[in-house]
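Right, one structure below, let's go through it.
All of the numbers you see were taken from the coordinates with simple rules; none came from a lab. None of the values given here were measured: they were computed from a predicted structure. For neighbour counting, all protein chains shown are included, and Cβ atoms are generated from backbone atoms with ideal geometry for every residue, glycine included.
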Amino acid sequence: MTRKIGYAAGAFDLFHVGHLNILKHAKSQCDYLIAGVVSDEMLELTKGITPVIPLAERLEIVSHISYVDEAIAEVLPSKLDTWRQVGFDVFFKGDDWRGTEKGRRLEQEFAAVGVEVVYFPYTAHTSSTRLRTALDALSARATSSVNEA
C-alpha cells in the first residue's frame with residue numbers, strides 16, 4: 001500500500017486557530033503530514049517580514065501539534081526545490097492563493113511533477129498579519145504613554 005505524503009508550508013508565526021485548521025484539514029487528506037516551517041531568512045526574503053517567534057521555537061510548537069508527523073525548516077525559496085529535497089505527493093495551501101499568479105504558477109510547477117495542490121479555507125477573522133498589526137498598535141500606544149510620562 002502506497003502512503004500519501006502531504007506537505008503544508010507556513011510561517012506559523014503567532015500560531016493561531018487558522019494554522020491549526022490548515023494542519024488538521026491537511027492531515028485528514030494524507031497518511032503522513034510534513035509541516036514546512038518557513039525560516040526567518042526566507043520570510044524576510046519572500047515577504048519582507050521578521051517573525052515575532054524565532055524559527056527554533058516555531059519548529060518546536062508545530063512539531064508538537066498532533067496532526068503533524070514531522071516538522072522541518074523550509075530554507076529554500078522555491079517550493080519545487082523543497083519538493084525535490086523532501087518528497088511529497090500533495091501540497092496544502094490556504095485558499096487565499098487560489099486564482100492568484102503565485103497560485104497558478106505553483107499549480108503548474110507541481111502538476112509537471114505529479115504533485116496535487118489542495119486549497120483549504122483561509123481563516124479570515126484570525127491571521128498573523130492581523131495579530132502583528134494589533135501588537136504593533138499596542139506597542140505604539142505603550143511607547144507614547146511612556147513618552148508622555
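Counting other beta carbons within 10 Å of each Cβ, put VAL52, VAL37, VAL17, VAL68 in order, fewest first.
Details: VAL52 14, VAL37 27, VAL17 11, VAL68 20.
Going from sparsest to densest Cβ surroundings: VAL17, VAL52, VAL68, VAL37.
Between ALA9 and residues 5 or more places away or on another chain, which pairs have amide H atoms under 5 Å apart, with H built 1.01 Å from N, and which residues are they?
Amide H to amide H, under 5 Å and 5 or more residues apart or across chains, ALA9 pairs with GLY36, PHE92.
Cross-link partners among lysines for LYS79, C-alpha distance below 20 Å, same-chain residues fewer than 8 apart left out?
Output for LYS79: LYS4, LYS27, LYS47, LYS93, LYS102.
Note down the nm distance, to one decimal, between modelled labels 7 Å out along Cα→Cβ at ASN21 and at VAL75.
3.3 nm
Can you tell me the length gained on complete extension of the stretch GLN108 to GLN85, counting 0.36 nm per residue apart and subtracting the Cα distance? Show your work: numbers first, answer last.
On the way: separation 23, 0.36 × 23 = 8.28 nm, distance 1.87 nm.
Once the chain is fully extended between GLN108 and GLN85, it gains 6.4 nm.
Check which residues have an amide H placed less than 5 Å from TYR122's amide H, if you skip close sequence neighbours.
Close amide H contacts, sequence-distant or interchain: ASP95, ASP96.
How high is the FRET efficiency between GLU101 and TYR67 when r is their beta carbon distance and R₀ equals 30 Å, given to the nearest 0.05?
Approximately 0.50, to the nearest 0.05.
Could you run the Karplus curve 6.51 cos²θ - 1.76 cosθ + 1.60 with θ = phi - 60° over the range 23-32 and give me ³J(HN,Hα) per residue in whole Hz, x for Gly and Pro?
3J(HN,Hα) across the range 23-32, in whole Hz: 5, 5, 5, 4, 4, 5, 10, 8, 8, 9.
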